[in-house]
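Written out below as structure tokens is the structure these notes cover.
Please treat every number below as a calculation from the coordinates, not as lab data. What you see is a predicted model, and the numbers here were worked out from it, not measured in a lab. Here Cβ is always computed from backbone atoms with ideal geometry, including for glycine, and neighbour counts include all displayed protein chains.
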């Protein structure tokens, strides 16, 4: 199975879908992540240079089980819904031809997160179109499952729950690879707390990630839980 997770910024895919990605990797899936925006260079992150930040990404990817990591290096706070970015995402989708795609959910209040949702939805149909030859390669089959994940803005309603109780520690470990980000906020504690809250309200305990199902075909039902084929969350 081939999985693509599109993230506005490095580490967003961990916060929103890290446990699910780890479960997919354990089940033998090929995982590709896409980081749309480069690191946010503020006065608060001067302790880590670009090489150090790339080392954090590599360490996190090792924990997640990522096979390919694509970085588009769009400038932070200057992201626009441009054709260039859409085509860059189309190239990734056509090259890796995923069966499952994770993207930010539609109601994220962070501007760049919301833009990446829209850009991703555009790129998904563009990738399977016979047009847009400038993106290269043949059109790819439409993914059977597209899931929206939460990062900055928790979802009011969700349509799929993934139990991540047995991979939560690894998800937190992946987040802790981003030491530069933890100096700004304790995201490792935050994602553990959110996972337990989601587990309590949706499963009655344990830890969970929740998603908005944006596209689903009958053949995708068995992929909803990578560890329990044939069972929908």
Check your understanding: In the chain, what % of DSSP beta bridges are antiparallel (nearest 5)?
Key -> 30
Study note, to complete from the structure: Between residue 179 and residue 129, Cβ-based FRET efficiency (R0 45 Å, step 0.05) works out to 0.60
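Treat the count of other C-beta atoms within 10 Å as a stand-in for reagent exposure and order 120, 106 from fewest to most.
Working: 120 26, 106 14.
Ascending number of Cβ neighbours within 10 Å: 106, 120.
Rounded, prolate or oblate: which one fits region 18-106, using the alpha carbon gyration tensor with axes a ≥ b ≥ c (rounded when a/c is under 1.5, else prolate when a/b beats b/c, else oblate)? Don't jump to the answer; show the numbers that get you there.
Numbers: a/c = 2.15, a/b = 1.19, b/c = 1.81.
Cα axes put region 18-106 in the oblate bin.
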Review point. Put a dot 7 Å past each Cα toward the Cβ at residue 189 and residue 217; how far apart are the dots in nm?
Key: 4.5
Check your understanding: Using a ≥ b ≥ c from the Cα gyration tensor of region 84-183 (square roots of the eigenvalues), is it rounded, prolate or oblate, where a/c under 1.5 gives rounded and otherwise the larger of a/b and b/c decides, a/b for prolate?
Key -> prolate
Point to revise | Cut-off 16 Å (backbone N to label point 7 Å along Cα→Cβ of residue 58), residues of region 174-194 | key: 177-179
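Under the classification rounded if a/c is under 1.5, otherwise prolate if a/b is larger than b/c and oblate if not, where does region 2-223 fall, given a ≥ b ≥ c as square roots of the Cα gyration tensor eigenvalues? Before the final figure, lay out each step's value.
Numbers: a/c = 1.58, a/b = 1.11, b/c = 1.42.
Verdict is oblate for region 2-223.
Could you calculate the FRET efficiency of residue 1 with residue 118 from 1/(1 + (r/R0)^6), where r is the beta carbon distance between them and R0 is 22 Å, rounded to 0.05?
Values: r = 26 Å, r/R0 = 1.19.
Calculated transfer efficiency: 0.25.
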